[in-house]
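The values are calculated or read from the model by the stated rules, or taken from the named source; none is laboratory data. These numbers were taken from a predicted model, which means no experiment stands behind them. Using ideal geometry, Cβ is built from the backbone for each residue, glycine included, and neighbour counts are taken over all protein chains shown.
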Amino acid sequence: MDIVQLTRMANQIGAFFAAMPDREQAIDDIANHLQKFWEPRMRRALLAFLDLHPDGRGDGATLDAIVLQAVQRHRQALTPAAPAA
């Protein structure tokens, strides 16, 4: 998956929810959106990117701070189940 495109999409989601007056709710809603609407391979790619770049910057991609917080805080919920063998 193209990490630049994935981070761009994640940042667009983040920008939408960042407009909410309650930042904590926005962070939760970003993670909830990613969990509900991103397919597992997209979430795996985003999490793998953060494994390599914990600050959300690298390989030509940058996650906005609110998105980075959302993914870090809700990493367990965003981690897809292992594929069935």
Quick one: in region 27-44, which of the residues that are under 12 Å from residue 71 (Cα atoms) and aliphatic (A, V, I, L, M) is farthest from the chain's Cα centre (by Cα)? 27
In region 26-66, how many are touching a Ser or Thr at 6+ places or on another chain (Cβ under 8 Å) and surrounded by fewer than 16 Cβ atoms within 10 Å (Cβ to Cβ)? 1
Just give me the residues in region 55-69 being in contact with a Gly (Cβ under 7 Å, 6 or more places away or on another chain) and of a type in the set (A, V, I, L, M), in sequence order. 63, 66, 67, 68
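Quick check on region 67-85: of everything there that is more than 18 Å from residue 2 (Cβ to Cβ), of a type in the set (A, V, I, L, M, F, W, C) and at pLDDT 95 or above, which residue is surrounded by the fewest Cβ atoms within 10 Å (Cβ to Cβ)? Outline the logic, then answer.
The initial filter retains those residues of region 67-85 that are more than 18 Å from residue 2 (Cβ to Cβ), namely 68-70, 72-85.
From the residues that got through so far, the ones that are of a type in the set (A, V, I, L, M, F, W, C) too are 68, 70, 77-78, 81-82, 84-85.
With the extra rule that they be at pLDDT 95 or above, the set shrinks to 68, 70, 77-78.
On the way: 68: 23, 70: 26, 77: 12, 78: 21.
Ranking the qualifying residues of region 67-85, first place goes to 77.
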May I ask you to list pairs of residues, at least six apart or on different chains, whose Cβ atoms are under 6 Å apart, with the first in region 1-20 being closer than 15 Å to residue 72 by Cβ and the second being among the small types (Gly, Ala, Ser) and crowded, with 16+ Cβ neighbours inside 10 Å? 7/61
